[in-house]
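Encoded as C-alpha cells, the structure appears first; notes follow it.
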Amino acid sequence: MKKIGIGIIGGGLMGREVASAFARWCSLTDVEVQPELVAVADLVEDVRNWFQRIPSCAQITADYRDLLANSAVDVVYVAVPHHLHEVIYCDVLSAGKDLFAEKPFGIDLASACRISDAVKASGRFVRCSSEFPFMPGAQRVIQAVAEGKMGRILEVVSGFHHSSDLDASKPANWKRKSAFCGEIGVLGDLGMHACHIPLRLGWHPERLFAQLQKGYPQRPDGKGGTAVCDTWDNALLNCWTRIGEQEVPMRLEMKRMAPGETNTWFIEVLGTESGVRYSTKEPKTLWMFENGKEQFWKKTDLGFGMPFKAVTGGIFEPGFPDVIQQMWAAYLTERDGKLSARFGCATVEEAVTTQSIFAAALESNAKGIVISL
C-alpha cells in the first residue's frame with residue numbers, strides 16, 4: 001500500500017481527530033493509500049506533547065515553516081483560526097505540498113478568491129474539510145435525488161445546529177471574535193456543513209434573504225475578566241435555487257444557539273412524488289416520504305453503509321471518528337486518481353462559492369433586502 005506522509009499544522013481538536021483516524025487506517029478494506037503522520041506544528045507545548053504518543057510522528061515543532069521544509073511531508077492538513085488561513089494555505093502551496101484545508105477557506109470571500117488563485121498557480125491538489133456527507137444517511141439522500149423519482153422538488157432544508165453558546169458561562173474563544181473568526185461568524189464556522197451537499201447537487205442559491213442573530217455580547221475570558229463577543233451566532237438563509245425548470249425554496253441553517261441540540265447535522269429534500277430526510281440526531285434512521293392515494297413517511301434503520309468499506313459489521317452504526325476517516329479516504333483516493341463514482345471532498349470551487357453565499361448573507365442582513373448572487 002502506498003504511504004503518504006502527512007503533516008498537521010494546528011494540533012487541536014481536529015488535528016487529534018485526524019491523527020486518530022490515521023491510527024485506525026487498518027479498519028478500511030478497499031483503499032490503496034495509507035496516510036502516515038510524520039510531522040506536527042503547533043504553538044502550544046501541551047498540544048504538541050500529545051503527538052509524542054504517535055511513533056511515526058518524527059517532527060514536532062512550534063514553527064510550521066520547519067514542517068513545510070520537511071521532505072517527508074507530502075500533504076499538509078491545516079486547522080488554525082480563520083484569519084491565518086490565507087497565509088498558511090499559500091505557504092503550504094509555495095512549499096510544493098498538497099493541501100487539505102479546514103473550512104471556511106479564508107476569513108472572507110476576497111481571501112478565498114486569493115487562495116483559489118494560489119491553488120491554480122501552484123497546480124497542487126487541494127480540497128476542503130466537510131465530513132458529514134459521508135454519513136450513510138447523507139449518502140442515501142444523495143442517492144435518492146440522483147434516482148430522479150421525487151417529481152418536482154418543492155423544498156430543500158440543510159443545516160447544522162448546536163447549543164454550545166447557550167451557556168453564558170462558557171469562556172470566549174477565537175470563534176467569538178470577528179478579528180479571528182471573520183465578520184461571517186457562525187457562517188464560517190458551520191456554513192460548509194449546510195452548503196456542501198446542495199452545492200454538489202448543483203443547487204446554487206440565486207437569491208437569498210438572511211436573518212443573522214448575535215448571542216451574548218460578553219463572555220468570561222477564562223482569566224477572571226470578561227471578553228467582548230461580536231460574531232454572529234445564528235444564521236437563517238432563505239434562498240431560491242433552480243432545480244430543472246423550477247425555482248425552489250432552499251433554507252440553509254447554521255446555529256450555535258439551538259436549544260436542545262448538541263451537534264446536529266441534517267438535510268431534507270421534499271418533492272411531489274417522494275422525499276427524504278436525515279439527521280444525525282437519529283444517526284441510524286432514514287425517513288422517506290411516499291406519495292399516492294395515501295401518503296406515508298417510512299423509516300428504515302441504516303447500518304455501516306459508508307463509501308469506503310471497513311471491517312466494521314454492516315449492522316453497526318458509524319460515528320464522527322468514522323466519517324473523519326471516510327473523508328480522508330476520499331481525499332487521498334481522489335488525490336491518487338482512483339475515486340471513481342464515490343463521493344468526494346469539498347472542492348476549491350465549492351469552498352469559494354460558500355464564501356460568496358456568506359458575503360451575500362452579510363449584505364442582505366445589513367440592508368434588510370434580498371440579494372441576487
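The values are calculated or read from the model by the stated rules, or taken from the named source; none is laboratory data. Predicted model, so just to flag it, every value in this text is computed and none were measured. Using ideal geometry, Cβ is built from the backbone for each residue, glycine included, and neighbour counts are taken over all protein chains shown. Ligands, DNA and RNA are stripped out before the accessible areas are found, and what is left, the full protein with its side chains, is counted by its heavy atoms. Shrake-Rupley method; radii C 1.70, N 1.55, O 1.52, S 1.80 Å.
Annotations for the structure displayed:
- Residues being touching a Pro at 6+ places or on another chain (Cβ under 8 Å) and either of a type in the set (A, V, I, L, M, F, W, C) or over 21 Å from Leu190 (Cα atoms) (or both) - total across the stretch 213-245: 10
- Criterion (more than 19 Å from Ser129 (Cα to Cα), open to solvent by less than 10 Å² (accessible area, probe 1.4 Å) and modelled with pLDDT of 95 or more) met by exactly one of Phe51, Phe100: Phe51
- Residue in the stretch 37-45 that is part of a strand (DSSP E or B), open to solvent by 20 Å² or more (accessible area, probe 1.4 Å), in contact with an Asp or Glu (Cβ under 8 Å, 6 or more places away or on another chain) and not acidic (Asp, Glu) present: no
- Qualifying positions in the stretch 285-316 - over 25 Å from the mean Cα position of the chain (by Cα), loosely packed, with under 14 Cβ neighbours inside 10 Å and hydrophobic (A, V, I, L, M, F, W, C): Phe296, Trp297, Val311, Ile315
- Of the strands (runs of 3 or more DSSP E) lying entirely inside the stretch 199-294, those carrying at least 1 residues that are touching a helix residue (DSSP H, G or I) at 6+ places or on another chain (Cβ under 9 Å) and under 28 Å from Glu183 (Cβ atoms) are 205-214, 218-220, 226-228, 232-243, 246-255, 264-271.
- Filter result for Lys175 (over 29 Å from Gly275 (Cβ atoms), part of a helix (DSSP H, G or I) and open to solvent by 10 Å² or more (accessible area, probe 1.4 Å)): yes
- Flag if Lys120 is over 17 Å from Leu212 (Cα atoms), part of a loop (DSSP other than H, G, I, E, B) and more than 17 Å from the chain's Cα centre (by Cα): no
- Residue pairs whose Cβ atoms lie under 8 Å apart, separated by 6 or more positions or on different chains, with the first residue in the stretch 138-153 and without any contact (Cβ under 8 Å) to a residue 40 or more places away in the chain and the second crowded, with 18+ Cβ neighbours inside 10 Å and not hydroxyl-bearing (Ser, Thr, Tyr), do not occur.
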